[in-house]
Structure formats: structure tokens, C-alpha cells
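Following: one structure in C-alpha cells, then a few remarks.
The values are calculated or read from the model by the stated rules, or taken from the named source; none is laboratory data. Please read these numbers as outputs of a predicted model, since none were measured by experiment. Positions of Cβ are generated from backbone atoms using ideal geometry, with glycine treated the same way; all protein chains shown enter the neighbour counts. Heads up: the accessible areas ignore ligands, DNA and RNA and are worked out on the full protein's heavy atoms, side chains in. Shrake-Rupley method; radii C 1.70, N 1.55, O 1.52, S 1.80 Å.
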Amino acid sequence: MGDTADATAPPEPTLEEQIAAYQREFSDLDPQVEQVVSALGRLNRRMNVAYGRQTATLGISNAEWEVLKALVLSGAPYRLGPGEIAKRLGLTPAAMTHRIDRMVAEGLVTRDRDESNRVRVIIELTDTGREKWLEAMRLATVFEEDLLQDLSGDERGLLGELLTRLLRRVEDAQPDAGGRLSDLE
């Protein structure tokens, strides 16, 4: 049983239906708050699916894309320790090791001992990995422009500011929750 949806399962309720059901069951619900939060959750889920489809066409997974992104964000020479990458992605060291093993085999990254500290391992982006990252960025840019096509430049700016403000509030309230605001700035 993979992650394909059951064809006989009822469709997901509309946002309006979901909010009405929540209000029916929980009278203290603020429908405006629920609309924002539920819309963000659904948008995030659908965007992740879309990005996953795009990266799959490039022969990489979203998980591998996240590692490539972490290395690119570290700046040239695009090198980090596996523990640093795991922390940035909110992963356990074991999960990171498995992911890096696959990526080394695919030629996306290299894994070498740090010459200045032979105990430390360094993960470095390869030219192939950087090209995959760039291809994914090109695809994502087209998708994101299409997603935001109905918003004016001012609306995009305002939406970005508002979402960043919400993100900061969550990160301030739960600094251990793996938020990555620095990726957005």
C-alpha cells in the first residue's frame, strides 16, 4: 500500500465544508483564523506534491533536494558536515547518513574526511548535484510564477511580509521546532 489515494475514498471536504464542520463541533472556533491556517496547510501539502513531481522528473527526491539546498545555502565551496545538514533539516543523524549514502551513489555529493580534522566528515556538492539544484530551481520558478499569477506585485510583497511575520511568531514561540526562517531571508 503506497501513498496512492484510495479511489473509493470520499474527496477531501472543501475548505468551507471543513470550517463549517469544525464550527459545528467546536463553537469557539474563529472561522477567519481557521480559514488562514487550513488554507496554509493545504497549500503547503499541495505545493510539496507539485515540487515532488518536479524533482522526480529530474531523478531526485524532495529529500535529496533539501540536502542540495542546504549545501547551496551554505555558500561556496558548498560544504557542510552531515550533522550540520541534519540539524538544518530537522533529521536524525541516522536518517541523514542514509540520505547521504544514496546521494553519494548518485553522484550528487561527495563524502570525504576533513583534512584539518580527520575525525570530521565533510559533505560537498558536486557539479552534478549543483546542476540538479539549478534545474529544480528553474522548474520551481515556473510553478511559483504560475501559482502567484493572480497577485499584483504589491499583493505578493504584502503576502510575503505577512507570512514571514507568522513564521517569526511560530519560531519565537517554538524555537526548537526546526523552523528555518534564515532560509527565507
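Using a 1.4 Å probe on the protein heavy atoms, what percent of the accessible area of the chain belongs to carbon and sulfur?
C and S fraction of accessible area: 55 percent.
Treating only the Cβ of Lys, Arg, Asp and Glu as charged (+1, +1, -1, -1), what charge dipole size does the range 1-113 show about its Cα centre? Round to the nearest 20 debye.
760 debye
Under a Cβ-only charge scheme (Lys and Arg +1, Asp and Glu -1), can you give me the dipole magnitude of the range 53-97 about the Cα centre, in debye to the nearest 20?
The dipole magnitude comes to about 60 debye.
Toward the positive end of the charge dipole of the range 99-167, about the Cα centre and with charges on Cβ (Lys, Arg +1; Asp, Glu -1), which of Ser116, Trp133, Gly157 goes farthest?
Most positive-ward Cα: Ser116.
If you keep only loop residues by DSSP, which GluC sites (Glu not before Pro) in the range 91-171 have at most 13 other Cβ atoms within 10 Å of their Cβ?
Glu115
In debye to the nearest 20, how big a dipole does the range 31-185 give about its Cα centre with +1 on each Lys and Arg Cβ and -1 on each Asp and Glu Cβ?
About 480 debye.
How much accessible area per residue does the chain have, in Å², with a 1.4 Å probe?
Using a 1.4 Å probe on heavy atoms only, each residue of the chain averages 69 Å².
Tally Lys and Arg at +1 and Asp and Glu at -1 over the other residues with C-beta under 11 Å from the C-beta of Thr128: what net charge comes out?
Net charge in that neighbourhood comes out at -2.
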